[in-house]
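Where a number appears in this text, it was derived from the coordinates with a stated rule and is not lab data. Please read these numbers as outputs of a predicted model, since none were measured by experiment. Positions of Cβ are backbone-derived with ideal geometry, glycine not excepted, and every protein chain shown enters the neighbour counts.
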Amino acid sequence: MCLLLRLGKLKEVWMGVDRAREIYRALVYELLNWRDAQRELKSLLKARYRQWGVLKLGGLKVFSKRLRQEYLEQLAGEEERRMLWRIYAQHDQAIAQWKETLKEVNRSGREFGEVREFQRIPGIGPMAAHSFSAIIEEPARFSNKHKLWKYAQLGITDRTSDNKPLGYQRLDRRGNRELKNLSYHAWRTACKSTTGPNVIKAFYQQSRQRTGSVRHARLNTQRKILETMWMIWLRRQPFDSNKFAQQRSAPQEQGTVKALRG
């Protein structure tokens, strides 16, 4: 331990002590697991259909309880249909468990006021708000926004040897991918062509003009979304849309690094 300390290899680890938040965090991760289970079973269903010659799979219709029979009837034999029915049963169970767990997440999350405030940000829905609150647990665990970005896999890292670069700068893969995912989906939802004018879209367009890059502008916007959620919670202040899309000086933007891979 002393050797690690002298070498600077000891890393600070944050541990929560609030029992209610620990339960809330466990419920949110259970909800995310059921979400992933649905995705895996949907992929498996489509793969089985294609394996047995049913190639025209109409979007979500193949998963519908009412419409799935027309796809099952295209299979060659009863054994294939029986196998697909078993996968459908698992899929339906995953959806039912996801809905039941979502009720528990909503019930458990009512006592945390930041969840409601997060949802005032364009692109942030209930799922993203619950995920951010449950995963972070305590905003004061991060001393600055750069540590938050790093934890969310949005920090920039590079490798050097003898002070010489070994490759391009890139996004640090260490951290929590769910935070990166929720910021991406918030950006995508707020910046859709069918979405009206909002502060996230305005910030993204400003950043795109400054950087000249869609990718860098998107990453800057993802960081800004997470930073805003963190500051709302840390300072216990309401979301202020007037401050979100203010101009910032170019050196503060991490997304302007050339050849960034993310």
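Suppose the chain between R19 and T157 were pulled fully straight at 0.36 nm per residue; how much longer would it get relative to their current alpha carbon spacing? Can you show the working numbers first?
Details: separation 138, 0.36 × 138 = 49.68 nm, distance 3.46 nm.
Value of the extension gain: 46.2 nm.
Please name whichever of I95, W34, G59 sits farthest to the positive end of the charge dipole of segment 19-111, dipole taken about the Cα centre and charges placed at Cβ: Lys and Arg +1, Asp and Glu -1.
Looking along the dipole axis, the top candidate is G59.
Where does segment 24-70 land on the Kirkwood hydrodynamic radius, alpha-carbon pairs, in angstrom? Please report the intermediate quantities before stating the final value.
Numbers: mean 1/r = 0.0821 Å⁻¹.
Computed over segment 24-70, the radius equals 12.2 Å.
Determine which aspartates and glutamates satisfy two conditions relative to K145: a Cα distance under 20 Å, and not lying fewer than 8 residues away in the same chain.
Here the aspartates and glutamates satisfying the reach criterion relative to K145 are E12, E114, E117, E137, D158, D172, E178, E227, D240, E253.
When N is the residue count of the chain, what does its C-alpha Rg come to as a fraction of 2.2 N^0.38 Å?
Working: Rg = 22.4 Å, N = 262, 2.2 N^0.38 = 18.3 Å.
Dividing the Cα Rg of the chain by 2.2 N^0.38 Å gives 1.22.
Please report, in whole Å³, the volume per residue of the convex hull around the C-alpha atoms of segment 19-111. Could you put the intermediate results ahead of the total?
Numbers: hull volume 8.2 nm³, N = 93.
Each residue corresponds to 88 Å³ of Cα convex hull volume.
Mean-square fluctuation check for the chain, GNM, Cα pairs under 10 Å: which of R82, R120, R210 is largest?
R82
For n ≥ 4 DSSP H runs only, could you compute -39500 (n - 2.57) per run for the chain, divide by its residues and tell me the 222 nm figure to the nearest 500?
Numbers: 11 runs with 152 residues, N = 262.
Counting only the DSSP helices, I get -18500 deg cm²/dmol.
Just list whichever of K61/K192; K99/K150; K56/K103 have alpha carbons separated by over 28 Å in the model shown. Don't skip to the end; give the middle numbers.
Working: K61/K192 24 Å; K99/K150 32 Å; K56/K103 35 Å.
Beyond 28 Å: K99/K150; K56/K103.
Compare K145, K65, K164 in a GNM of the chain, Cα atoms joined below 10 Å, and give the one with the largest fluctuation.
K164
Quick check on the exposure proxy: order S207, S193, S108 from fewest to most C-beta atoms within 10 angstrom. Provide the component values of the computation, followed by the final result.
Values: S207 26, S193 5, S108 19.
The order, fewest Cβ neighbours first, is S193, S108, S207.
Ordered by residue, what ³J(HN,Hα) values in Hz, to whole numbers, does segment 64-69 give under the Karplus form 6.51 cos²θ - 1.76 cosθ + 1.60, where θ = phi - 60° and Gly and Pro are x?
Listing the rounded values in order: 5, 5, 7, 9, 5, 4 Hz.
Under a GNM of the chain (C-alpha, springs under 10 Å), which listed residue has the highest mean-square fluctuation: K150, K201, K99?
The residue that fluctuates most here is K99.
Which net charge results for the neighbourhood of R19, defined as the other residues with beta-carbon distances under 14 angstrom from its beta-carbon, given Lys and Arg at +1 and Asp and Glu at -1? If you can, show how the numbers build up before the last one.
Working: positive: R21, R25; negative: D18, E22, E111, E137, E138.
Charge balance in the 14 Å sphere: -3.
For segment 128-155 and segment 179-222, compute the distance between their C-alpha centroids and round to whole Å.
19 Å
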